[in-house]
Amino acid sequence: MGKLFSVSYFGNVIPKLLSALPSTIGIVLASLAFGLVLGFLAAALRIRGGPVMSRIAAFYISFMRGVPLIALMLLVYFGFPQLMSFLGFEAGSWPKYPLVIASFALNVSGYLAENMRSAYLSVDKSQFEAAHSIGMTGLQGFVHIIFPQAVTNALPSVGNTVIMLIKDTALAFSLGVVDIMGKAVLINARNYGARQVEIFVAVGLIYWAVCFVLERILDLLEKRGRKPLRLG
Amino acid sequence: MRLDTQFMLDSIPIILKALPVTAFISVFSMLLGGLLGLLIALIRYYKIPVLDRLFRVYVSLIRGFPLMVQLYLAYFGLPFYINMYCQSVGIDNLAKNIPPLAFAVFAFSVNTSAYVSEVFRSALDSLDKGQREACSSIGMTSFQTMAHILLPQAMVAAIPNLVNLFLGNIKASTLAYMISVHEMMGVAVVLANRAYNYLEIYIVTAVIYWLLCVLLERVFARMEFRFSRYKVRV
């Protein structure tokens, strides 16, 4: 039956997987960028959107956090083209990457909104009053006083969300995206069931290493962040 | 926009019929993972040599591997090793008779154990050191101290995080459909592929999971309130 674990095969497969790492990183960064924008909007509306918008934002956040990622991905991937054709926009096929990124961005925006909201709320109210008392406008107070402190507060939880996002992007293969997990699944399919453990341990270790490096960077930032961030 | 609402309504009971499978996966992996996680937390709390190191690596790896990778490792890897063992002792391949559901529960339990161990460890660490000293000063053994004093308090501190992990498990159980377990997601995918009504089915599925999570969140919030009543009295 062969070896328990073929170290040489394991060594061979790692560079092949790493060739798809840029794809994974691209998906993570793009999803994070859109997720941060959506999350910020949702958090802002949740906090001071008035009774109606705040309700809607709360629903949005709860929905994005409550729906399993794979269900959201399938909903966006299959639902969006269907929705578009209902609305009269026909396209032979919609590009895969934007839809995959959109579903990750929607999902992560719910978590980021909660991270940002609690970071904002953890800044003491008196800070606002102090800013006001020295003649700052509401916007100035937010930009110069509240926001830098909120960013520092948000760093640990946002960091965790990003790490979660990185591991979640491993699901993109289910829609045929060739990121590192997609590559692993392709190699696995070509192998007719041989050396599966080596392939998936290798891909897992790559995710682990990426998360490990990111955690270290976040630790450093957090230590530095004890001094509130200075903008300009 | 034309949504086939009749089809949506009809699909709800079909998907819900698989709710027990979803519940089975989430509850069992929470129980098994919870027990294993508690054990790991205790090993790491008492800093038992060698094992402490070993489980530190275990927890780090499990938390760093995507759940999908763990699921595939269980689904592809375990049968491989079981078959290898069976061949070496000359018996029929036992792995053929193991349903995919078992591999799913195994993978989710292992995954949960790492997160649960961190929850308990931080809950135990958050307790005042003076309590351990107080217990030993009145002659309690370290087992008594853990069972009667530390663990009950740690449990209460851990509940909110355990609830989050459980809700996470419900959502994570959807991945089991990738190894052909017919839980709610798996049933939904089959339905969608049969009728090409993707949008309808996936809206229904998403809403079912969302409602399930919201409902359970409410229930658990009530429970948490009850469990933490003792704090108010003090």
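The lone criterion from (1) touching an Asp or Glu at 6+ places or on another chain (Cβ under 8 Å); (2) crowded, with 17+ Cβ neighbours inside 10 Å left unmet by residue B:103 is number (1). The residue of segment A:160-171 that is nearest to residue A:32 (Cα to Cα), among those that are out of contact with any Phe, Trp or Tyr (no Cβ under 8 Å at 6 or more places or on another chain) and more than 10 Å from every other protein chain (Cβ to nearest Cβ), is A:162.
In the set (1) touching a residue at least 60 places away in the same chain (Cβ under 8 Å); (2) within 9 Å of another protein chain (Cβ to nearest Cβ); (3) under 30 Å from residue A:121 (Cα atoms), residue A:47 fails one condition alone, (2).
The residues of segment A:179-213 include none that are over 22 Å from residue A:27 (Cα atoms), more than 10 Å from chain B (Cβ to nearest Cβ) and crowded, with 18+ Cβ neighbours inside 10 Å. Within segment A:104-132, if we keep just the residues that are among the hydrophobic types (A, V, I, L, M, F, W, C) and over 17 Å from residue A:37 (Cβ atoms), the residue that is most open to solvent (accessible area, probe 1.4 Å) turns out to be A:121.
Being more than 11 Å from chain A (Cβ to nearest Cβ), closer than 18 Å to residue A:193 by Cβ and surrounded by fewer than 19 Cβ atoms within 10 Å (Cβ to Cβ): is that true of residue B:138 here?
no
Just a yes or no: is a residue in segment B:73-83 crowded, with 20+ Cβ neighbours inside 10 Å and within 20 Å of residue B:115 (Cβ to Cβ)? Checking segment B:73-83: at least one residue is crowded, with 20+ Cβ neighbours inside 10 Å and within 20 Å of residue B:115 (Cβ to Cβ). When B:133, B:118 are screened for being touching a residue at least 40 places away in the same chain (Cβ under 8 Å) and open to solvent by 30 Å² or more (accessible area, probe 1.4 Å), only B:118 passes.
Counting only helices (runs of 4 or more DSSP H) that sit wholly inside segment B:68-169, those with at least 2 residues that are of a type in the set (A, V, I, L, M) and over 26 Å from residue B:22 (Cβ atoms) are B:78-89, B:100-125.
A quick yes/no check of all residues on (1) modelled with pLDDT under 95; (2) open to solvent by 50 Å² or more (accessible area, probe 1.4 Å):
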| position | (1), (2) |
| --- | --- |
| A:4 | yes, yes |
| A:8 | yes, yes |
| A:12 | yes, yes |
| A:33 | no, yes |
| A:37 | no, yes |
| A:40 | no, yes |
| A:47 | yes, yes |
| A:51 | yes, yes |
| A:61 | no, no |
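Would you pick out the residues in segment A:214-232 that are at pLDDT below 90, loosely packed, with under 11 Cβ neighbours inside 10 Å and charged (D, E, K, R)? The answer is A:223, A:226, A:227, A:230.
Scoring residue B:113 on the criteria (1) open to solvent by less than 40 Å² (accessible area, probe 1.4 Å); (2) free of Cβ contacts under 8 Å to residues at least 40 places away in the same chain leaves a single failure, condition (2).
Just one of the listed residues (B:45, B:58) is more than 19 Å from residue B:176 (Cα to Cα) and touching a Lys or Arg at 6+ places or on another chain (Cβ under 7 Å), and it is B:45.
Are any residues in segment B:1-45 of a type in the set (Ser, Thr, Tyr) and open to solvent by 20 Å² or more (accessible area, probe 1.4 Å), and if so, which ones? Reasoning before the result, please.
Of all residues in segment B:1-45, those of a type in the set (Ser, Thr, Tyr) come to B:5, B:11, B:22, B:26, B:29, B:45.
Once the filter is applied, which keeps residues that are of a type in the set (Ser, Thr, Tyr) and open to solvent by 20 Å² or more (accessible area, probe 1.4 Å), segment B:1-45 yields B:5, B:45.
All conditions but one from (1) free of Cβ contacts under 8 Å to residues at least 60 places away in the same chain; (2) of a type in the set (Lys, Arg); (3) surrounded by 14 or more Cβ atoms within 10 Å (Cβ to Cβ) apply to residue B:53; the one that does not is (3). Consider segment A:77-103 and keep the residues that are in contact (Cβ under 8 Å) with a residue 40 or more places away in the chain and among the hydroxyl-bearing types (Ser, Thr, Tyr). The one that is surrounded by the most Cβ atoms within 10 Å (Cβ to Cβ) is A:77. Taking the listed residues A:83, A:112, the one that is modelled with pLDDT of 90 or more and part of a helix (DSSP H, G or I) is A:112, with no other qualifying.
The values are calculated or read from the model by the stated rules, or taken from the named source; none is laboratory data. In this text the structure is predicted, and so the values were computed from the model without any measurement. In this analysis, Cβ positions are derived from the backbone assuming ideal geometry, glycine residues included, and neighbour counts consider all displayed protein chains. These area figures cover heavy atoms from the full protein model, side chains too; ligands, DNA and RNA do not enter into them. Shrake-Rupley method; radii C 1.70, N 1.55, O 1.52, S 1.80 Å.
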